[in-house]
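Here is the structure we will look at.
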Amino acid sequence: MDQNLKKKIITGLAIFVAVVLLISAWQIYVPRDFGASETIFYSAKAGLGGTKIAQDLKDEKIIKSSFWFNAYALLTGQSARLQAGLYDISPSMSIAALVKKMATGDVAKHKIKILEGWDVTDMADYLEEKKFYTREEFNKALKMDFSKEFDFLYSKPKGMGLEGYIFPDTYYVPVESSAKDFLTLALNNFGKKLTPELRKKITADKRSIYQVVTMASILEKEVPTLIDKKMVAGILWKRIVTGMPLQLDSTVNYATGKSDSRVTLADSKIDSRYNTYKYYGLPLGPISNPGLESLMAAINPIKTEYWFYLSASGNGKTIFSKTYEEHTSSISKYLNS
């Protein structure tokens with residue numbers, strides 16, 4: 001074979017390979033529509049197989065070619081790893097991105113943001129409004145027994161719900177998950193936050209986790225800053241030890257369903273175990289779901305000479321008093337003026 005012919009063959013092969021590589025790259029790494037903004041949900045059923053998935057994506061106009069989807073999945077060893085689930089996908093995604101998404105099980109997720117101080121009613125309203133779960137689904141899940149999975153629930157009285165234990169945070173929950181799945185995720189988060197060191201401290205102070213969570217839920221509603229929460233925790237634990245009533249508007253509001261900064265005289269006389277004007281000690285249970293600062297404050301209170309405190313509305317300032325006379329003076333100054 002003469003040299004000219006050999007060069008032509010090599011050049012031709014090189015051009016052919018380059019063209020194949022360019023076409024492959026274009027098919028695999030270039031989305032069908034870069035500018036597409038719409039997202040659809042695609043449900044990959046168990047046992048569906050890569051070929052059927054590829055054809056579905058082609059029919060839905062998500063990818064340009066089912067052949068290249070299959071070829072890329074096979075060549076990269078991901079074909080057998082494609083997982084069932086509900087996926088949020090778009091024509092703006094490349095075949096490579098789609099294959100990776102399904103091979104890693106990166107299913108569509110809800111972003112659920114639980115705020116500090118919310119109670120379970122607030123959560124139920126939010127979850128239903130966002131169409132994550134219905135109020136009935138969430139309330140049913142709240143009544144389930146999670147104590148076998150989470151030992152920190154052992155001290156929770158039988159018949160009491162999960163109020164206080166649904167840790168405020170942002171959760172990314174699979175769209176097809178149940179309300180129980182969400183609660184399991186939130187409880188697992190609570191368990192991680194309540195470290196072995198914190199649990200030892202609770203035990204050393206001869207308190208139960210349920211008592212600490214109840215106290216933390218009160219602090220979450222009563223005062224805004226960590227230092228104030230620690231000081232108020234010191235006051236409230238001291239009142240409990242000495243038999244002095246807590247007299248907290250926040251616990252009464254939990255019983256009445258109101259959100260008044262100051263409860264009425266009539267409300268302060270209602271017969272409820274959440275009425276800390278009428279009953280001594282902690283209320284029946286948590287009144288909100290506290291964040292980490294409130295939990296830390298309940299576990300690590302600051303001891304002071306104060307017996308009273310007042311949250312001055314509007315400026316976030318907490319006024320502390322050693323005597324009832326000082327306290328009533330503060331009320332006149334900050335609330336009645």
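Structure above, values below:
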{"read-out": "Matching residues in segment 115-149 - criterion: being in contact with a Phe, Trp or Tyr (Cβ under 8 Å, 6 or more places away or on another chain) and part of a loop (DSSP other than H, G, I, E, B)", "value": "W118, D119, F132, Y133, S147"}
{"read-out": "Residues located in segment 106-116, provided they are touching a helix residue (DSSP H, G or I) at 6+ places or on another chain (Cβ under 9 Å) and surrounded by fewer than 19 Cβ atoms within 10 Å (Cβ to Cβ)", "value": "D106, H110, K113, L115, E116"}
{"read-out": "Unique residue being in contact (Cβ under 8 Å) with a residue 12 or more places away in the chain and farther than 15 Å from P31 by Cβ when the list is I112, I95, I89", "value": "I112"}
{"read-out": "Hits in segment 72-93 (condition: buried (at least 19 other Cβ atoms within 10 Å of the Cβ) and farther than 19 Å from G47 by Cβ)", "value": "Y72, I89, P91, M93"}
{"read-out": "Odd one out for T203, checked against (1) out of contact with any Ser or Thr (no Cβ under 7 Å at 6 or more places or on another chain); (2) surrounded by 15 or more Cβ atoms within 10 Å (Cβ to Cβ); (3) β-branched (V, I, T); (4) in the same structural domain as S294 (by TED's automatic domain parsing)", "value": "(2)"}
{"read-out": "Residue check for N139: among the polar types (S, T, N, Q), out of contact with any Gly (no Cβ under 6 Å at 6 or more places or on another chain) and under 17 Å from L292 (Cβ atoms)", "value": "no"}
{"read-out": "Residues of segment 28-50 that turn out to be surrounded by fewer than 17 Cβ atoms within 10 Å (Cβ to Cβ), of a type in the set (S, T, Y) and modelled with pLDDT of 90 or more, as a count", "value": "2"}
{"read-out": "Pair list, Cβ < 9 Å and 6+ apart or interchain, from segment 318-331 residues that are in the same structural domain as K229 (by TED's automatic domain parsing) and part of a helix (DSSP H, G or I) to residues that are small (G, A, S) and buried (at least 16 other Cβ atoms within 10 Å of the Cβ)", "value": "H327/S321; T328/S321; S329/S321; S330/S321"}
{"read-out": "Hits in segment 172-189 - residues which are farther than 30 Å from I40 by Cβ and free of Cβ contacts under 8 Å to residues at least 40 places away in the same chain", "value": "N188, N189"}
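Every residue, every condition in (1) under 20 Å from A103 (Cα atoms); (2) of a type outside the set (D, E, K, R), yes or no:
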| site | (1), (2) |
| --- | --- |
| T11 | no, yes |
| L21 | no, yes |
| Q27 | yes, yes |
| D33 | no, no |
| T39 | yes, yes |
| G49 | yes, yes |
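For every residue, the table says whether it meets (1) surrounded by fewer than 19 Cβ atoms within 10 Å (Cβ to Cβ); (2) under 21 Å from F152 (Cα atoms); (3) hydrophobic (A, V, I, L, M, F, W, C).
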{"position": "S294", "(1), (2), (3)": "no, yes, no"}
{"position": "N300", "(1), (2), (3)": "yes, yes, no"}
{"position": "T304", "(1), (2), (3)": "yes, no, no"}
{"position": "W307", "(1), (2), (3)": "yes, no, yes"}
{"position": "K317", "(1), (2), (3)": "yes, no, no"}
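The values are calculated or read from the model by the stated rules, or taken from the named source; none is laboratory data. All values derive from a computational prediction rather than experimental measurement. Cβ: placed from backbone, ideal geometry, glycine included. Neighbour counts: every protein chain shown.
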